[in-house]
Ligand code: UDP
Ligand code: MG
């Protein structure tokens, strides 16, 4: 991470196949930032795009080399890694993240900065009138609920990436060397004065969401297992209840067999119970695997991403 300088603001934007959105993003974002009257930089991470995104980023860099930096990954490592790579290099005192698809209107940036100026070290945006599919909206409500009850992270809208942080929080995130971690939640755990602000939400300007249903499940699973042991603990509780129940059942069946001489009764019930217990065990093994997997990734400490090239001018 670069040492603090006189830059006031760093805007971090992950880019994956956004050729249709980048031109509009550039024409809307830069005027907003210029109007702030602060010294700023915009860091784009090209996350292994397969379209013309990198060419467009190069052109933009050529146009505004004073305030633009581009990190070019060799492959696709996901939105959070793209943001991490930029975090490791930011020069500003305040760091703001934004999506490239214009779902978070750049015009809302000053709102977040006002909250920072008012003394917050973490400002999370939440989407007013969310413009996503019915399914996405409700799925994320459910996930919010589960997260609130399993971790101590309070967030109205975890899916909103328009967020601003003070530099010490970003430094803490970089030091923690998080792997696959959900950045807003990690930042929240380091914040001492977090606040939220409602921001407009637009439909994706062009293209389709990069997240499939499966990836959303993965992301949320990651979020919960990355921040809490609650799933393991609940599972243990449940397993204890199950074993107490099956022990009682064994007593009942033994009574039938020994004292009433009834041998056939309950054989199928027994099968039912057995299947149930076996599946519970399988869920448990999967859950443990999840934690072991995370431990493995941390222990292995492999390079998390590979930067092919960086376009920037020295400060
Ligand atoms: N993104 C990325 N790498 C990926 C997927 C997405 O850098 O593997 C970027 C994408 O270009 C966008 C942001 O992350 O700037 C959010 O992605 P998207 O709009 O697809 O997610 P959604 O808004 O549907 O949650
Ligand atoms: Mg989007």
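The values are calculated or read from the model by the stated rules, or taken from the named source; none is laboratory data. Not measured: the values here are computed from a predicted model. Here Cβ is always computed from backbone atoms with ideal geometry, including for glycine, and neighbour counts include all displayed protein chains.
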May I ask you to verify whether residue 13 is under 24 Å from residue 220 (Cα atoms), assigned to a helix (DSSP H, G or I) and either at pLDDT below 95 or within 16 Å of ligand 2 (Cβ to nearest atom) (or both)?
-> no
Please specify each residue of region 205-257 satisfying the condition of being over 26 Å from residue 154 (Cα atoms) and touching a residue at least 60 places away in the same chain (Cβ under 8 Å).
-> 205, 206, 207
Could you identify the single residue in 311, 270 that is closer than 30 Å to residue 45 by Cβ and in contact with a helix residue (DSSP H, G or I) (Cβ under 9 Å, 6 or more places away or on another chain)?
-> 311
Number of the exception - residue 277 against (1) surrounded by 12 or more Cβ atoms within 10 Å (Cβ to Cβ); (2) out of contact with any strand residue (DSSP E or B) (no Cβ under 8 Å at 6 or more places or on another chain); (3) over 14 Å from residue 235 (Cα atoms) = (3)
Just wondering, is there one or more residues in region 37-46 that are surrounded by fewer than 21 Cβ atoms within 10 Å (Cβ to Cβ) and within 16 Å of ligand 2 (Cβ to nearest atom)?
-> no
In the set 34, 72, 47, the lone residue that is at pLDDT 95 or above and away from ligand 1 (no atom under 16 Å from the Cβ) is 34
Regarding residue 150, is this residue at pLDDT below 95, in contact with a helix residue (DSSP H, G or I) (Cβ under 9 Å, 6 or more places away or on another chain), surrounded by fewer than 21 Cβ atoms within 10 Å (Cβ to Cβ) and farther than 21 Å from residue 83 by Cα?
-> yes
Where residue 51 falls short, out of the listed (1) touching a helix residue (DSSP H, G or I) at 6+ places or on another chain (Cβ under 8 Å); (2) under 17 Å from residue 19 (Cβ atoms) | (1)
Give me a count of the residues in region 136-147 that are surrounded by 18 or more Cβ atoms within 10 Å (Cβ to Cβ) and in contact (Cβ under 8 Å) with a residue 40 or more places away in the chain.
-> 2
Of those in region 79-109 that are touching a helix residue (DSSP H, G or I) at 6+ places or on another chain (Cβ under 7 Å) and part of a helix (DSSP H, G or I), the residue surrounded by the fewest Cβ atoms within 10 Å (Cβ to Cβ) is 107
Please enumerate the residues belonging to region 218-250 that are at pLDDT 80 or above and under 30 Å from residue 14 (Cα atoms).
-> none
Which residues, taken from region 203-218, are under 15 Å from residue 144 (Cα atoms) and away from ligand 2 (no atom under 13 Å from the Cβ)?
-> 217, 218
Within region 141-151, can one find any residue that is within 13 Å of ligand 1 (Cβ to nearest atom) and closer than 27 Å to residue 297 by Cα?
-> yes
Would you point out the residue of region 110-137, among those that are in contact with a helix residue (DSSP H, G or I) (Cβ under 9 Å, 6 or more places away or on another chain) and part of a helix (DSSP H, G or I), that is nearest to ligand 2 (Cβ to nearest atom)?
-> 136
Of all residues in region 172-200, count the ones that are within 16 Å of ligand 2 (Cβ to nearest atom), part of a loop (DSSP other than H, G, I, E, B) and at pLDDT 90 or above.
-> 1
Do you know which residues across region 1-28 are within 13 Å of ligand 1 (Cβ to nearest atom), closer than 28 Å to residue 173 by Cα and surrounded by fewer than 22 Cβ atoms within 10 Å (Cβ to Cβ)?
-> 17
Would you point out which residue out of 158, 215 is crowded, with 21+ Cβ neighbours inside 10 Å, at pLDDT below 85 and within 17 Å of the chain's Cα centre (by Cα)?
-> 158
